[in-house]
């Protein structure tokens, strides 16, 4: 690869990092070609981009960003590195990894590190937690549901009690006569 080609790849990768606030760096070494193709297919179906890059090119692209990714340089960018990009939800790549492992009964691809809205997670031990993260839309939906719940309870209590209140008022008005 020529120097110009490397510069072009770094610029493209920097653009991908800027566009996608959620990305995972994985290690899929040891998987067969058929397994890698199945993993790529699953990524595509779930709307996740997956590409393999050289660690030095990943590091150069990360260095161009405003966020400090120096923790990744020593701990994550070693060996085989594939990057999973997710524009929408930060939990989708983790779910893809988890689902792929279930289907193939394999422990690959391994999670080396992840960046979710510039928060860094390093190591395989974070995979379960990342797969259980709720997306922004899921959280907004839950909050709206929680906010609507008390109002719905008050309205339903008033509606169910309107006959009781009307009867009580009628009885009290008749008693005074």
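The values are calculated or read from the model by the stated rules, or taken from the named source; none is laboratory data. Fair warning: this is a prediction, and the values are worked out from it, not measured in the lab. Note: ideal-geometry Cβ built from the backbone for every residue, glycine included; neighbour counts use all protein chains shown.
Couple of notes before you dig in:
- Each residue in the range 122-134 was checked for being surrounded by 15 or more Cβ atoms within 10 Å (Cβ to Cβ) and closer than 19 Å to residue 87 by Cα, and 4 pass.
- Residue match in the range 42-58 (condition: without any contact (Cβ under 8 Å) to a residue 60 or more places away in the chain and within 18 Å of residue 121 (Cα to Cα)): yes
- Every condition in (1) in a helix (DSSP H, G or I); (2) over 13 Å from residue 112 (Cβ atoms); (3) in contact with a helix residue (DSSP H, G or I) (Cβ under 8 Å, 6 or more places away or on another chain) holds for residue 41 except the one numbered (3).
- Residue 102 assigned by TED's automatic domain parsing to the domain that holds residue 16, closer than 27 Å to residue 33 by Cβ, exposed (fewer than 10 other Cβ atoms within 10 Å of the Cβ) and modelled with pLDDT of 80 or more: yes
- Residue in the range 60-76 that is assigned by TED's automatic domain parsing to the domain that holds residue 16, within 25 Å of residue 34 (Cα to Cα), without any contact (Cβ under 8 Å) to a residue 60 or more places away in the chain and not in a loop (DSSP other than H, G, I, E, B) present: no
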